[in-house]
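Beneath this line is the structure, given in structure tokens, with notes to follow.
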Amino acid sequence: MNQINKQPIIQEKIRKIRQDTIKKVKIRSPNNDLNKPVAFWTKPDRLLNEVGNELTIILRTRGCEWALGDNGGCSMCGYIRDANIDHVNSQNIINQFDFAFQNSLDKIQNDSRPFIVKIFNSGSFLDDTEMPKTAREYVYKKIAQTKNIKELVIESRSEYINHENMDKIKNFLPNKYIEVGIGLETVNDYIRINYINKGFKFNDFQEVLKICRKYKVGVKAYLLFKPPFLSEQAAIDDCKKSIKKLLEIKINSISINPVNIQKGTLVEYLWFQNRYRPPWIYSIITCLKESLQDKNFETTRILCDPSGAGTNRGVHNCLNSDCNKQNLEIIKNFTLSQDINELNYSPQCFCKKRYELNLLQ
């Protein structure tokens, strides 16, 4: 990875907040059941070329190496709170996966629609110190044996995406569509490095993209909507620019993730000081409408499934639950259908005028 000059004040604050969070996690870690996942669920989702279902499994591992290291992790990410910090062995991780998988297997096998399996582990699936190779290979074998699973999505920082890992996953899963989610967050290096503290450049992402394409592994780029220190309008502009650039290079999937206020993060610190507000749902819809054309869907899947949506800590409009629900339904319908016309419906609410004034600030 290229060496990057970071803003020391922001990075030092991130590091301090993260160290405090890790201390609290260590205190309660002995109470974690390491043989059960943090969570798992099934629900409708958009597959590459059709509507199907997803099985999402969140595994409890030792946590993200970037967050545990001297750099302190990313400014908006609080997933280290779901980690165990100390080592979690391969058998524990296998047991966690089996618990979720076996409890979902009947649904997967008996449903008329195909499934996509998403495995999240609060860090990088391809990091050997977090996900041992034996556990990864066990997951691959189970998914390979299950006919109604058509796609597998994992997440990883770019430094763990190499020829060896891509070759291995393709050998185990030659007949499944595989996609690696990478937290690119923005195509703007300054924002990613200084405001998000991500630790890599867009050129690094492009090099990893070449490796994945060599092995016919898809790449999903996560875009962070409204990083800290950006205004609402600046967030729209940044995300639009990022979408358009990723469409130019024909990325397989783009997942737009509005910031939600996670505990133990710099973003939460700013939020408590009234120096940060989560984005408006109106902004997401505007960004999608102004960035996309019908032809884009021929090469790229556009996704948006916000966490904490409709709450004070997540993407929201006003306190009117109907306003939030109706606008979130627009995004959901668009994601499932990949039909840009779904974005044209605009529910009316008194807060729209306040939102428009907010864009001028």
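The values are calculated or read from the model by the stated rules, or taken from the named source; none is laboratory data. Keep in mind that this is a model prediction, so the values were computed, not measured. Using ideal geometry, Cβ is built from the backbone for each residue, glycine included, and neighbour counts are taken over all protein chains shown.
At-a-glance table
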quantity: Residue in region 234-249 that is acidic (Asp, Glu) and either buried (at least 18 other Cβ atoms within 10 Å of the Cβ) or touching a Cys at 6+ places or on another chain (Cβ under 7 Å) (or both) present; calculated: yes
quantity: Considering residues of region 215-233 that are over 17 Å from the mean Cα position of the chain (by Cα) and not in a loop (DSSP other than H, G, I, E, B) only, the residue surrounded by the fewest Cβ atoms within 10 Å (Cβ to Cβ); calculated: GLN233
quantity: Index of the failed condition, CYS349 passing every other in (1) buried (at least 16 other Cβ atoms within 10 Å of the Cβ); (2) assigned to a helix (DSSP H, G or I); calculated: (2)
quantity: Unique residue being closer than 24 Å to LEU360 by Cα, aliphatic (A, V, I, L, M) and in contact with a helix residue (DSSP H, G or I) (Cβ under 8 Å, 6 or more places away or on another chain) when the list is ILE191, ILE169, ILE182; calculated: ILE191
quantity: Residues satisfying the stated conditions in region 53-69, i.e. surrounded by fewer than 22 Cβ atoms within 10 Å (Cβ to Cβ) and of a type in the set (Ser, Thr, Tyr); calculated: THR56
quantity: From LYS240, LYS250, LYS263, residue being among the charged types (D, E, K, R) and either under 23 Å from ALA67 (Cβ atoms) or at pLDDT below 95 (or both); calculated: LYS263
quantity: Qualifying position, being more than 18 Å from GLY183 (Cα to Cα), under 18 Å from the mean Cα position of the chain (by Cα) and surrounded by 18 or more Cβ atoms within 10 Å (Cβ to Cβ), among VAL153, VAL139, VAL117; calculated: VAL117
quantity: Unique residue being without any contact (Cβ under 8 Å) to a residue 60 or more places away in the chain, under 22 Å from ASN95 (Cβ atoms), surrounded by fewer than 19 Cβ atoms within 10 Å (Cβ to Cβ) and touching a strand residue (DSSP E or B) at 6+ places or on another chain (Cβ under 9 Å) when the list is THR146, THR134; calculated: THR146
quantity: Unique residue being touching a strand residue (DSSP E or B) at 6+ places or on another chain (Cβ under 9 Å) and of a type outside the set (A, V, I, L, M, F, W, C) when the list is SER112, SER104, SER90; calculated: SER104
quantity: Qualifying residue in region 58-68 (condition: closer than 25 Å to LYS141 by Cα, at pLDDT 95 or above and assigned to a helix (DSSP H, G or I)); calculated: no
quantity: Any pair with Cβ under 6 angstrom, 6 or more apart, that starts in region 311-332 at a residue that is closer than 19 Å to ASN344 by Cα and without any contact (Cβ under 8 Å) to a residue 60 or more places away in the chain and ends at one that is polar (S, T, N, Q) and assigned to a helix (DSSP H, G or I); calculated: HIS316/ASN324; ASN317/ASN324
quantity: Criterion: under 22 Å from ARG15 (Cβ atoms) and touching a residue at least 12 places away in the same chain (Cβ under 8 Å) - qualifying residue of ASP189, ASP167; calculated: ASP189
quantity: Unmet criterion (only one of (1) within 18 Å of LEU303 (Cβ to Cβ); (2) touching a Leu at 6+ places or on another chain (Cβ under 9 Å)) for LEU209; calculated: (2)
quantity: Residues of region 1-25 classified as at pLDDT below 85 and out of contact with any helix residue (DSSP H, G or I) (no Cβ under 7 Å at 6 or more places or on another chain), total; calculated: 3
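Per-residue answers, yes or no, for (1) hydrophobic (A, V, I, L, M, F, W, C); (2) outside any loop (DSSP other than H, G, I, E, B); (3) in contact with a helix residue (DSSP H, G or I) (Cβ under 6 Å, 6 or more places away or on another chain):
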position	(1), (2), (3)
TRP271	yes, yes, no
ASN274	no, no, no
TYR282	no, yes, yes
LEU288	yes, yes, yes
ILE302	yes, yes, no
PRO306	no, no, no
HIS316	no, no, yes
GLN326	no, yes, no
